[in-house]
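Only one structure is covered here, and it is reproduced in the block below.
The values are calculated or read from the model by the stated rules, or taken from the named source; none is laboratory data. If you're wondering where the values come from, they're calculated on a predicted model, not measured in any experiment. A quick note on method: Cβ atoms are made from the backbone with ideal geometry, for glycine too, and the neighbour counts reach across all protein chains shown. With ligands, DNA and RNA removed, areas are computed over all heavy atoms of the protein, side chains included. Shrake-Rupley method; radii C 1.70, N 1.55, O 1.52, S 1.80 Å.
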Amino acid sequence: MNYIDLFAGAGGLSEGFIRAGFNPIAHVEMNKDACDTLKTRTAFHYLKEENRIEEYYDYLKQKISRDNLWSKIPEDLINSVINSEISQETLPTIFKKIDKQLGKQKVDLVIGGPPCQAYSVAGRARDPKGMSEDPRNHLYKYYVEFLKRYKPKMFVFENVPGILSANNGGYLELIFEAVREAGYELDKKVLNAKNFGVLQDRKRVIIIGWKKNLKFKYPHFEENQPQYEILKDLFSDLPKIKNGQGEWGIVKYTKETNEYLDKYSIRNGVTFTSQHIARPNNQNDLEIYKIAVNKWVNEKKRLNYDELPERLIRHSNTKTFKNRFQVVNHIGVSHTVVAHICADGHYYIHPDIKQNRSITVREAARIQSFPDDYFFEKSRTTAFKQIGNAVPVLMAEGIANKIKEML
């Protein structure tokens, strides 16, 4: 079952489909760092299949360079990651590259979600024109071009809940119209990652479509309530570190694995992870973190920015974004991880007051249900951004399994 992944990001959606047994023909993504992450992950899957996984671990252990890692896999696999913006001008070149990858095979599925800033409520609030003139509103048109050209049996289109209200539902109507004209039936639902085993409250609009001659209907997804907790289950085996500490390279676990990490393949059979690295903070922020953690852990209350002692208040605006400092829920699931985590960690404070810091790259990746052998390329900032933009792997896998049953 072959698929193409559009607006692929760091590959969260794709990883879920690979786990369900699908085969990626191509990933198209405009961000170079995310493309590098995809290439590194492609190397992981190839070397694992070839029983040469130790060569991938050598890269994580910094024994070999990235170029060396990539040179170990067939060139056509590296070329299947297409680093390009999707636009009217680039479509012919992208099609040509995909056709080359495809050869005589057929595409069964197209997956992906155009960047969501233009549809997000926060994005619209920040833009004086409410994002009405943002060119990203029209990226769905190119998505439809892929449906017309490759005629997959089905597609999965992922986006933020804000797409339902964007332009009073007008954009959604345009998408539905364009897809139906291309020969597909479709339906939408708001699904929450926490119902798929992800320890995160993350709602997403998932549109699923199928060719009109296939008598399908939207699959049923169970609402499984989370049975596990962030501190006890998700973070339990990672070394305790302070702000500014940690390793980009190899990090040994401090405890045996547990039911959650095994059941959902987070530890993935390796004896180490990487990128457990925390950003440095100034004294002012650390003092605020302590207050926020104390309030949350002991009183179950969130910190309002305007309640802080005056000496700690650094922003003149105390009226909006009062919850700019937020602690990750230690006894339940985390609030939604977003790309802003790359700018600062104030919205993702670690719930253990002794560590007094924001969460690490690896902790953010685990909240998004990425396995511990997933490596995010380039830097701490770019890794955070890729993680925040991703579809949680377990959610993707749950959707992929339903699509697999249907096909």
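Here are K194, K232, K189: which of them is closer than 19 Å to F17 by Cβ and within 24 Å of the chain's Cα centre (by Cα)?
K189
What number of residues within segment 332-348 satisfy the criterion of being modelled with pLDDT of 95 or more and more than 19 Å from the chain's Cα centre (by Cα)?
1
Identify all residues within segment 71-85 that are open to solvent by 20 Å² or more (accessible area, probe 1.4 Å), assigned to a loop (DSSP other than H, G, I, E, B) and within 24 Å of K48 (Cα to Cα); write none if there are none.
Going through segment 71-85, the residues open to solvent by 20 Å² or more (accessible area, probe 1.4 Å) turn out to be 71-72, 74-79, 83-85.
If we keep only those that are assigned to a loop (DSSP other than H, G, I, E, B) too, we end up with 72, 74, 84-85.
Within segment 71-85, K72, P74 qualify.
Looking at this structure, is K189 of a type outside the set (G, A, S), touching a residue at least 60 places away in the same chain (Cβ under 8 Å) and open to solvent by 30 Å² or more (accessible area, probe 1.4 Å)?
Judged against the criteria, K189 is not a match.
For segment 21-39, state whether one or more residues are assigned to a helix (DSSP H, G or I), under 19 Å from V270 (Cα atoms) and open to solvent by 20 Å² or more (accessible area, probe 1.4 Å).
no
Is it the case, given these coordinates, that S65 is small (G, A, S), modelled with pLDDT under 95 and open to solvent by 60 Å² or more (accessible area, probe 1.4 Å)?
No.
Report every pair of residues separated by at least 6 positions or lying on different chains whose Cβ atoms are under 6 Å apart, first residue within segment 100-126 and charged (D, E, K, R), second at pLDDT 55 or above and in a loop (DSSP other than H, G, I, E, B).
Final answer for the pair search is D108/M1; D108/P152; D108/K153.
If you take the residues of segment 330-346 that are out of contact with any strand residue (DSSP E or B) (no Cβ under 6 Å at 6 or more places or on another chain) and closer than 20 Å to R204 by Cα, which of them is most open to solvent (accessible area, probe 1.4 Å)?
Step by step, filter segment 330-346, then rank; the result is H340.
So T271 ticks every box in (1) hydroxyl-bearing (S, T, Y); (2) open to solvent by 50 Å² or more (accessible area, probe 1.4 Å); (3) in contact with a Leu (Cβ under 8 Å, 6 or more places away or on another chain) but one. Which box is left unticked?
For T271, the exception is condition (3).
Take the residues in segment 355-389 that are open to solvent by less than 10 Å² (accessible area, probe 1.4 Å) and among the small types (G, A, S); name whichever of them is farthest from the chain's Cα centre (by Cα).
Checked segment 355-389; the qualifying residue farthest from the chain's Cα centre (by Cα) is S358.
Checking Q88 against (1) open to solvent by 90 Å² or more (accessible area, probe 1.4 Å); (2) closer than 13 Å to L6 by Cα; (3) more than 23 Å from the chain's Cα centre (by Cα): exactly one of these is not met. Which one?
Just one mismatch for Q88, condition (2).
Would you call I277 within 25 Å of P239 (Cβ to Cβ), of a type outside the set (S, T, Y), touching a Gly at 6+ places or on another chain (Cβ under 6 Å) and crowded, with 23+ Cβ neighbours inside 10 Å? Walk me through it before giving the result.
On the way: within 25 Å of P239 (Cβ to Cβ): yes; of a type outside the set (S, T, Y): yes; touching a Gly at 6+ places or on another chain (Cβ under 6 Å): yes; crowded, with 23+ Cβ neighbours inside 10 Å: no.
It is false that I277 is within 25 Å of P239 (Cβ to Cβ), of a type outside the set (S, T, Y), touching a Gly at 6+ places or on another chain (Cβ under 6 Å) and crowded, with 23+ Cβ neighbours inside 10 Å.
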